[in-house]
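Written below as structure tokens is the structure these notes are about.
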Amino acid sequence: MHLGQLTGGSLSLGATVVANVSQQLRNSTALNHSATHLLHAALKQLLGEHVQQKGSLVDDERLRFDFLHMSPLTAEQVAAVEHLVNQQIRENHVVETQLMSIEAAKQSGAEALFGEKYSEEVRVLSMGLFSKELCGGTHVHSTGEIGLFKILSETGIASGVRRIEAVTGLQATRFIEQQQQHLHAIADLLKTDAGSVADKVRQLLDKTKSLEKEVGRIQAKLAAQQGGQLLDEAVDISGVKLLVKYVENATAKSLRDLSDQLKNKLGSAIVLLAASSGEKISILAAVTPDVMDRVKAPELANFVAKQVGGKGGGRPDLAQAGGTDLKALTEALSSVKVWVDENF
């Protein structure tokens, strides 16, 4: 059954109509369909006979192939599959079709879909000795017509089912051209040639790591300096020191280091520290062992975090949390003393 919409003229019941299929779209679809057969055979050869087709889609722009396999393919496996399919394309196998009984097809070694219902007579499609499957679709006359096969992605879609998406022919050529353009654009930004992009990026990453370590050392030093100044801001609650403070230019790590220093110097203490970077808030709660039976660090951290749109967790003596509402942070820190009074 074909459903259509009349866009001009008129129709009457019983009228004779002519349907035309776009030869260009049909040819492009044939490239992708034939490449799917080569892909299936390549996966079986490289991954094992357990590979089974679980679904597919072919149109004039791309192909999608779902298959049974328990683990993600490595980059090397993806490259090997792509290489093997392109090798079969270059060998330009003649694509042959034969009509035969289903039993004769099975005896000839033709691949059939598990669970599929077939009529007594089936169409067997062969691509040299590399691929032989039951198929009634449209295909190329020889594998060389496919031109080029390029895998775009390999992902998991269900337990034990992987999916490969790929392009062929002109679409594959266009994809490679786009990748080349992106590569040259990146090379221009890095002020190097395309062949040296990986080395240049590696150098930049090493430099970034070195700078991050240096920043971390400076932040730790600043936090230590602030630690001495913060001691006087602690308040006494039934013999336990409570210190609540927003720390400038601190990271989550420097907050931990600072809390250790403060606990050592304050003795019996409850410490709540906060810092921010952009729109991200870091919160750290720490309590000394003698206070843990009355105040748990995760409960205190979450009390503050909920007020700034976040949450966290940790050990009874040390907990971390996050948030994003900077406007609510000042009031959230101010509420800590009341919370401690009520829970102490």
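The values are calculated or read from the model by the stated rules, or taken from the named source; none is laboratory data. Here the structure is a predicted model, which is why all the values come from computation and not from measurement. Note: ideal-geometry Cβ built from the backbone for every residue, glycine included; neighbour counts use all protein chains shown. For the accessible areas, the whole protein counts, side chains as well, though only heavy atoms, and no ligand, DNA or RNA atoms are used. Shrake-Rupley method; radii C 1.70, N 1.55, O 1.52, S 1.80 Å.
Assorted remarks:
- Net charge, Val215 excluded, C-beta distance under 13 Å - Lys, Arg +1, Asp, Glu -1: +4
- Taking Lys and Arg as +1 and Asp and Glu as -1, the other residues whose beta-carbon sits under 15 Å from that of Thr143 total -3.
- Between 0 and 90°, nearest 10: helix 252-266 axis offset from the chain longest Cα axis: 20
- Centre-to-centre, using Cα atoms only, the stretch 162-215 and the stretch 266-319 are separated by 42 Å.
- Tilt relative to the chain, helix 297-307 - C-alpha long axis, 0 to 90 degrees, to 10: 70
- Separation of alpha-carbon centers, the stretch 66-109 and the stretch 232-253, rounded to whole Å: 66
- Measuring between alpha carbons in the structure, the pairs from Lys263/Lys327; Lys54/Lys280; Lys213/Lys327; Lys209/Lys296 lying more than 32 angstrom apart are Lys54/Lys280; Lys209/Lys296.
- The structure shown yields percent of Cα pairs over 29 Å apart, and of the options (1) 63; (2) 37; (3) 41 that calculated value carries the label (1).
- Helix axis angle, 75-90 relative to the chain longest principal axis, alpha carbon, degrees: 20
- Here the spin labels are modelled as points 7 Å beyond Cα on the Cα-Cβ line, and at Val18 and Gln229 they lie 8.8 nm apart.
- Calculated accessible area for the chain comes out at 59 Å² per residue, all protein chains present (probe 1.4 Å; ligands, DNA, RNA ignored).
- Secondary structure note: in the stretch 219-296, about 65% of the DSSP beta bridges are antiparallel.
- Counting only DSSP beta bridges with both residues in the chain, the antiparallel share comes to about 90 percent.
- Percent of beta bridges antiparallel (DSSP, the stretch 193-344, rounded to nearest 5): 75
- Two-site FRET efficiency, Glu342 against Lys280, from Cβ-Cβ distance with R₀ of 30 Å, rounded to 0.05: 0.55
- Each Lys or Arg adds one and each Asp or Glu subtracts one; over the other residues with Cβ under 13 Å from the Cβ of Ile283, this totals +3.
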